[in-house]
Amino acid sequence: MFGQSAPLCAGHQQPGVCVEGVWRCAVLPVRSRCWAVLPPGRPAPTRLLVTVELASWTAFTLQVFPLSPIVAGKLTTRGYRRRDDIGFDVFEIPLRDYDLVLGDVIPAAVRGIFAQIDVDHVPQPVLKLARAPHETRHTSSRPPEQAIPKIWDCLLEFQQDSVRFAVERGGRALLADDMGLGKTVQCLALCEYYRDDWPLLIVCPATMRVHWKDMARKWLSASSNIAIPKSKNDIMGMLALPQIVVLSYALVKTVLPLIKSRWENRWTPNVIACDESHHLKESTSQRACELKKWLKCSRRVILLTGTPALNRPAELFSTVDILSTGLLGSKIQFEKRYCQGHKDPRSGRWMNRGSHHETELYLVLTRCLMVRHLKRDVMRCMPKKIRNMVRSVVDTPISIEETVRREMEGGGQQSDNLVNLYFESASHKLVAAASLIRTFLQKDSSPFIVFGHHELVLDGLQAILDQTCTTFGDARVALLSFGSCATGLNLASACSSMIFAELPWTPALLFQAEDRIHRIGQQSPSCTYHYVIVRGTSDDFMMPAIERKIRTLAHTLDGAGVDPTPGSTSSAQPELPFRNP
């Protein structure tokens, strides 16, 4: 702490001195990594900030700023565990002592030193969850293994766990298993379990409507009356009240009201399943607002996505609000607590791009809303991912290299300059990707997939493939776009090799694309990914930016940083795509 909190020894008397070790000058010996002494004439702080976060369902962490040897000494003498592994002078304290420490111990320790103590408390709904854990569970007289024996026996053990979790949450849950672990069949098992609540509405990307119709016919009993309306004429042509309706996200706003009016308000979906539910992350978009009206009125809501947040925790609020309105407060309260939400003093804009209290958010999500399994934990026999960085150097204009350098120095945030640079880099990525594809075509006859983003790259590669295929026989290359093909498709039986001609902005889209072939049904012992990396282009700042986002989302969604439970074999460390395991 600063000079007023305790007598200083001789080593601390010079302004700006920092010492690591044991403070002999404190009331009690206290170990810390930082000690800052006020410069002469600078007033001592009058406010103490206490930051509190739920670390587990039985403990919380506490940190004070400015660092105070008196507070640290009091907590140490009470036997509280120091967590130097996660920060300076962070203490882990049993949850039963929450009121005692924040109400008595800390105020008594700093009385007369600070005029004000500001505590960033754990939200009351979260404390209530910790103190009454069973309140989140619903009791059911029909165990799913008895209610749906036919489909239940076809589920793997971890899939059965997901269905039980959703039933215990009253049929309002987020199925967030890794891509390729069979979320579709889990969802349909829940739909069959809640068949008495039908009509059933399935909302999915437009390219997946026929797939969902086929899967519903395969797994659901009495599923012949399935409608996939695309226009008003389709609705008016319905002869019977549809029990199952499959819609794309784009048609929700126009088609759902028409169906309801066509059947004179006798059609109300009480079971709604939303595939790739991260499409609802923008809670203020017209599509999300319209669908949320139906979701909040529906008795059962099943959301499916392997990537609940594409970039940052702020994208999770819409999901939380849909499944359990008010669980983590309003949007502003959520963003202040978990996204470092604040108003920028210069622009006046609300900023929510940060991340904070990730462990606490993970605990709440996994207890109340979200069930998530990772391939590395439940499918030990899955093929190994092998990633190769194919690094190239091409002649790039000096202007591009200068822009890359400036953006790297500025932190590499997605700005208008970066978007323009991303586009300008496309032509240089095309040259490098084309060279790699020609090498693949000459090397062997194995099929492979190529992912790209810009039309310039995709059209250029298509032209090259059209020319090459006349020489090498039948086409054996699938040229796909991140925007339309990174989600929903099962290509495990097609090939085991993939080329990324470009990088997407978001890590979630990158993993989604990888997992088109890395999923249940892949027969190859390994899946190989080749990333085309060109020096002096947008790749220079996109790779570290993607890895930074992965680390943040790993804490929030996968529990990286949470103490493993005894006997757990789960490794929640983030998977970094540009570093081979």
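The values are calculated or read from the model by the stated rules, or taken from the named source; none is laboratory data. Predicted model only: the values in this text are computed from it and were never measured. Cβ coordinates were reconstructed from backbone atoms using ideal geometry, including for glycine residues, and neighbour counts include every protein chain displayed.
Per-residue answers, yes or no, for (1) touching a residue at least 12 places away in the same chain (Cβ under 8 Å); (2) on the phi > 0 side of the Ramachandran plot; (3) surrounded by fewer than 16 Cβ atoms within 10 Å (Cβ to Cβ):
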| position | (1), (2), (3) |
| --- | --- |
| 265 | no, yes, yes |
| 268 | yes, no, yes |
| 315 | yes, no, no |
| 320 | yes, no, no |
| 325 | yes, no, yes |
| 339 | yes, no, no |
| 351 | no, no, yes |
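Is it the case that the stretch 104-114 has a residue that's outside the structural domain of residue 302 (by TED's automatic domain parsing), among the aromatic types (Phe, Trp, Tyr) and at pLDDT 90 or above? No, every residue in the stretch 104-114 fails to be outside the structural domain of residue 302 (by TED's automatic domain parsing), among the aromatic types (Phe, Trp, Tyr) and at pLDDT 90 or above. Identify all residues within the stretch 262-295 that are of a type in the set (A, V, I, L, M) and in contact with a Leu (Cβ under 8 Å, 6 or more places away or on another chain); write none if there are none. Passing the criteria: 271, 272, 273, 280, 288, 291. Within the stretch 53-80, residues that are not assigned by TED's automatic domain parsing to the domain that holds residue 336 sit with their Cβ atoms under 7 Å from residues that are of a type in the set (Lys, Arg), at 6+ positions apart or across chains, in these pairs: 61/83. Does the stretch 299-318 contain any residue that is under 23 Å from residue 195 (Cα atoms) and small (Gly, Ala, Ser)? Looking through the stretch 299-318, none of the residues is under 23 Å from residue 195 (Cα atoms) and small (Gly, Ala, Ser). Remark: pairs (first residue in the stretch 427-450, on the phi < 0 side of the Ramachandran plot; second residue loosely packed, with under 15 Cβ neighbours inside 10 Å; Cβ separation under 6 Å; 6+ apart in sequence or on different chains) = 441/472. Search the stretch 207-227 for residues that are closer than 18 Å to residue 190 by Cα and modelled with pLDDT of 90 or more and pair each with any residue that is of a type in the set (Asp, Glu) and surrounded by 12 or more Cβ atoms within 10 Å (Cβ to Cβ) when their beta-carbon atoms are under 6 Å apart and the residues are at least 6 apart or on different chains. Listed by first residue and then by second, the contacts come to 220/192.
Please work out if residue 173 is in contact (Cβ under 8 Å) with a residue 24 or more places away in the chain, hydrophobic (A, V, I, L, M, F, W, C) and loosely packed, with under 12 Cβ neighbours inside 10 Å. No: the conditions fail for residue 173. Of the residues making up the stretch 274-297, those that are touching a residue at least 60 places away in the same chain (Cβ under 8 Å) and over 17 Å from the mean Cα position of the chain (by Cα) number 2. Quick check: anything in the stretch 181-203 of a type outside the set (Ser, Thr, Tyr), closer than 13 Å to residue 304 by Cβ and out of contact with any Leu (no Cβ under 8 Å at 6 or more places or on another chain)? The answer is yes, given that some residue of the stretch 181-203 is of a type outside the set (Ser, Thr, Tyr), closer than 13 Å to residue 304 by Cβ and out of contact with any Leu (no Cβ under 8 Å at 6 or more places or on another chain). Taking the stretch 106-138 as the range and being without any contact (Cβ under 8 Å) to a residue 12 or more places away in the chain and under 29 Å from the mean Cα position of the chain (by Cα) as the test, the residues that pass are 124, 128, 132, 134, 135.
Exactly one residue among 174, 181, 155, 129 is in a strand (DSSP E or B) and in contact with a helix residue (DSSP H, G or I) (Cβ under 7 Å, 6 or more places away or on another chain), and that residue is 174. Set side by side, the residues 507, 447 differ, and just one is within 23 Å of residue 308 (Cβ to Cβ), outside the structural domain of residue 308 (by TED's automatic domain parsing) and not aromatic (Phe, Trp, Tyr), which is 507. Return only the number of the condition from (1) buried (at least 19 other Cβ atoms within 10 Å of the Cβ); (2) at pLDDT 70 or above; (3) in contact with a helix residue (DSSP H, G or I) (Cβ under 6 Å, 6 or more places away or on another chain) that residue 465 does not satisfy. Unmet condition: (3).
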